[in-house]
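Student: Have a look at this one before I ask anything.
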Amino acid sequence: MGLKAISAPRIFDGKQYHSNAALVWNDEHIHSIVPISELNDNIEHQHFADALIAPGFIDIQVNGGGGVMFNNDITPTGIEVICSAHRKHGTAYLLPTLISSTPERIQLALNATQQGIRDKIAGLLGVHLEGPWLNKDKKGAHDPNLFYAPSVDDLSQFTWPSQGKVLVTAAVENIEPSALRWMKEHNFTLSCGHSNAKASQLTEDKLVLVDGFTHLFNAMSPFEGREPGVVGTALNTDRAWCSIITDNIHVHPQSFLLAHKAKPQGKMLIVTDAMATVGSEKDYFELDGEVISVVDNKLVNSRGNLAGAHIGMDESVANVIEWGIAEDEALKMASTYPAQALQCDKLGTLEDGFRASATVLDREYRSQAVLVDGKLY
Ligand SMILES: [Zn+2]
């Protein structure tokens, strides 16, 4: 395979901007960033006028897309449909996210992920298990009848994927330190979420094992003067990242901006928490036998409760820029920081030798094209 390139008036490489530049790659890896004027004639090359090329977006919480819910189609084919739907919104890589389910179906999700990675499904980075190890008092759209606190024995019963990332969202207060340690020993990324912990329940021996906090502010005990809750602990634990949904529905822009000020740079990252309706004509889906539909851009169940988000990564990035976050920081929140959160080598910035992955955006930050491991979509 020879060299290929895309070019645009602006490239942001995750650290700095390049004007009138081209991103050149060789097979699956980045070769260089060069001025367009220096591009060799025999390089296959596509120019995007009026566009910005950024490191490929990484969404670590995607429940569905393209009409498919991962929970309802736990197969490599289902994963492929979801990845493809999210590419329309600039997402290069994602973690298909299983909402609380039975142990049998969790095993199916782990198997489908392993198979998908072997089959090289474009954009598949691993799997996110959101529950069923959650707190009933912060169940969100999950079925609390499925919740339990796993022991080391329970965790060892599963056959875990040997490739790809495993992210677990769990209510840390309910789980024995031994089980949390087991997850860390197996290189899982551990995020506290759907948690009703008081700050005092997130003891140092547990907190030290927590890498992050899932969809900050949503489904967690709030920050109050006398009780910092999970929100306060998340904001005050510098080492840990916080994911956040920026659809202007789940979190008020002011709360987002305040949290962004509180966290050290690099520790706030955007997730969509998207459902089947994203990248699809369908405006409803079923979860655990319940119909969830889009009403005024919100996904709600029959009781009117929020049940995930109807938004893509590109729109999420556009929102935070509109709320006052600098463009480069917004782009890093969608790529560089999630790559760091999952400890993905060679993703999140456009550097020589890194995986050839990029997101091309127009002036309004709508996705124009996505590059995944050297293939342009
Ligand atoms: Zn959730």
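Student: Along the charge dipole of the chain, pointing to its positive end and built from +1/-1 on Cβ of Lys, Arg, Asp and Glu, which listed residue (Ala274, His128, Ser156) has its Cα farthest out?
Tutor: Value computed over the given set: Ser156.
Student: Under 5 Å between amide H atoms, partner at least 5 residues away or on a different chain: which partners does Cys242 have, H built in plane at 1.01 Å?
Tutor: Phe213, Met268, Leu269
Student: Would you work out if region 57-347 is rounded, prolate or oblate? Take a ≥ b ≥ c from the square roots of the eigenvalues of the alpha-carbon gyration tensor; rounded if a/c is under 1.5, else prolate when a/b is larger than b/c, oblate otherwise. Don't skip to the answer; put the middle values down first.
Tutor: Values: a/c = 1.25, a/b = 1.03, b/c = 1.21.
Rounded, since a/c falls under 1.5.
Student: Once fully extended, how much extra length lies between Lys136 and Val291, figured as 0.36 nm per residue of separation less the alpha-carbon to alpha-carbon distance?
Tutor: Residue separation times 0.36 nm, minus the Cα-Cα distance, leaves 53.7 nm.
Student: Another question, then. Taking 0.36 nm per residue of separation and subtracting the Cα-Cα distance, what length does fully extending Gln163 through Ser178 add? All intermediate terms of the calculation are to be shown ahead of the outcome.
Tutor: Numbers: separation 15, 0.36 × 15 = 5.40 nm, distance 2.37 nm.
Working it through step by step, the gained length comes to 3.0 nm.
Student: Which is farthest toward the positive dipole end of region 1-132 among Gln46, Ser7, Leu94, measuring Cα position about the Cα centre, with Cβ charges +1 (Lys, Arg) and -1 (Asp, Glu)?
Tutor: Looking along the dipole axis, the top candidate is Leu94.
Student: Amide H of Gln368 versus every other amide H placed in the peptide plane: which residues, excluding those fewer than 5 positions away on the same chain, fall under 5 Å?
Tutor: Val360, Leu361, Asp362
Student: Quick check for me: using +1 on Lys/Arg Cβ and -1 on Asp/Glu Cβ, what's the dipole size of region 57-347 about its Cα centre, in debye to the nearest 20? Numbers along the way, then the final one.
Tutor: On the way: 23 positive and 34 negative charges, 82 e Å.
The calculated dipole for region 57-347 is roughly 400 debye.
Student: Share of the chain's accessible area from carbon and sulfur, percent, 1.4 Å? Numbers along the way, then the final one.
Tutor: Values: 6880 of 15370 Å².
Its accessible area is 45 percent carbon and sulfur atoms.
Student: Counting only protein chains, not ligands or nucleic acids, how are Tyr284, Tyr377, Tyr337 ordered by accessible area (probe 1.4 Å), most first? Working shown, then result.
Tutor: Details: Tyr284 115, Tyr377 90, Tyr337 10 Å².
I get Tyr284, Tyr377, Tyr337, largest accessible area first.
Student: Pull out the extension gain between Leu376 and Arg105, defined as 0.36 nm times the separation in residues minus the alpha carbon to alpha carbon distance; nm, one decimal.
Tutor: Working: separation 271, 0.36 × 271 = 97.56 nm, distance 3.32 nm.
Gain on stretching Leu376 to Arg105: 94.2 nm.
Student: Given a 1.4 Å probe and heavy atoms of the protein chains only, how would you sort His89, His310, largest accessible area at the top?
Tutor: The residues order as His310, His89, largest area first.
Student: Excluding ligands and nucleic acids, what accessible area in Å² is computed for Trp25 using a 1.4 Å probe, to the nearest 10?
Tutor: Here the accessible area works out near 10 Å².
Student: Okay, next question. Could you work out how far the C-alpha centroid of region 1-45 sits from that of region 302-377, in angstrom?
Tutor: 19
Student: Taking amide H atoms as placed 1.01 Å from N in the peptide plane, list the residues 5 or more away in sequence, or in a different chain, whose amide H sits under 5 Å from that of Leu287.
Tutor: Ile292
Student: Using alpha carbons only, how many degrees (0 to 90, rounded to 10) separate the axis of helix 313-322 from the longest principal axis of the chain?
Tutor: With both axes taken from Cα atoms, the answer is about 90 degrees.
Student: In debye, nearest 20: dipole of region 148-235 around its Cα centre with unit charges on the Cβ of K, R (+) and D, E (-)?
Tutor: Computed charge dipole of region 148-235: roughly 180 debye.
Student: Can I ask one more? Compute the relative contact order of region 57-347 as a whole-number percentage, counting only Cα pairs closer than 8 Å that sit 6 or more residues apart in sequence.
Tutor: Working: 643 pairs, mean separation 57.0, N = 291.
After rounding, I find 20 percent.
Student: I need the phi-derived Karplus couplings for region 369-374: 6.51 cos²θ - 1.76 cosθ + 1.60, θ = phi - 60°, integer Hz, Gly and Pro marked x.
Tutor: 6, 9, 9, 10, 6, x
Student: Check cross-link reach from Lys136 to the lysines: straight Cα distance under 29 Å, and skip same-chain residues fewer than eight apart.
Tutor: Partners found: Lys165, Lys184, Lys198, Lys206, Lys263, Lys267, Lys298.
Student: Using the Karplus curve 6.51 cos²θ - 1.76 cosθ + 1.60 with θ = phi - 60°, work out ³J(HN,Hα) for each residue of region 229-246 in order, rounded to whole Hz, and write x for Gly and Pro.
Tutor: Listing the rounded values in order: x, 6, 4, x, 5, 4, 5, 9, 9, 4, 5, 8, 8, 10, 8, 8, 8, 10 Hz.
Student: Suppose every K and R has +1 on its Cβ and every D and E has -1 on its Cβ; what is the size of the dipole of region 214-296 about the Cα centre, in Debye to the nearest 20? Don't skip to the answer; put the middle values down first.
Tutor: Working: 6 positive and 11 negative charges, 140 e Å.
Dipole about the Cα centre, nearest 20: 680 debye.
Student: Follow-up. How large is the accessible surface of Lys4 in square angstrom, using a 1.4 angstrom probe and rounding to the nearest 10?
Tutor: Its heavy atoms expose roughly 50 Å² to the probe.
Student: Of the DSSP beta bridges with both residues in the chain, give the percent that are antiparallel, rounding to the nearest 5. Can you show the working numbers first?
Tutor: Working: 36 of 70 bridges.
Beta bridges within the chain, antiparallel portion: roughly 50 percent.
Student: Could you give me the ³J(HN,Hα) list for region 295-309, computed from phi with Karplus coefficients 6.51, -1.76, 1.60 and θ = phi - 60°, whole Hz, x at Gly and Pro?
Tutor: 10, 6, 6, 9, 9, 10, 8, 4, 8, x, 7, 5, 9, x, 10
Student: Let me ask something else about it. Could you pull out the pairs from Lys88/Lys282; Lys88/Lys375; Lys332/Lys375 whose alpha carbons sit more than 19 Å apart here?
Tutor: Details: Lys88/Lys282 15 Å; Lys88/Lys375 14 Å; Lys332/Lys375 22 Å.
Correct reply: Lys332/Lys375.
Student: I've got another one for you. Tell me, what is the per residue accessible area of region 278-333 in Å², probe radius 1.4 Å? Provide the component values of the computation, followed by the final result.
Tutor: Working: 2590 Å² over 56 residues.
Here the per-residue accessible area is 46 Å².
Student: Specify the inter-centroid distance of region 136-156 and region 171-207, based on alpha-carbon positions, in whole Å.
Tutor: Centre-to-centre distance over Cα atoms comes out at 13 Å.
The values are calculated or read from the model by the stated rules, or taken from the named source; none is laboratory data. None of these values were measured; they are calculated from a predicted model. So basically every Cβ, Gly included, is an ideal-geometry build from the backbone, and we count neighbours across all protein chains shown. All accessible areas refer to the heavy atoms of the entire protein, side chains included, with ligands and DNA or RNA removed. Shrake-Rupley method; radii C 1.70, N 1.55, O 1.52, S 1.80 Å.
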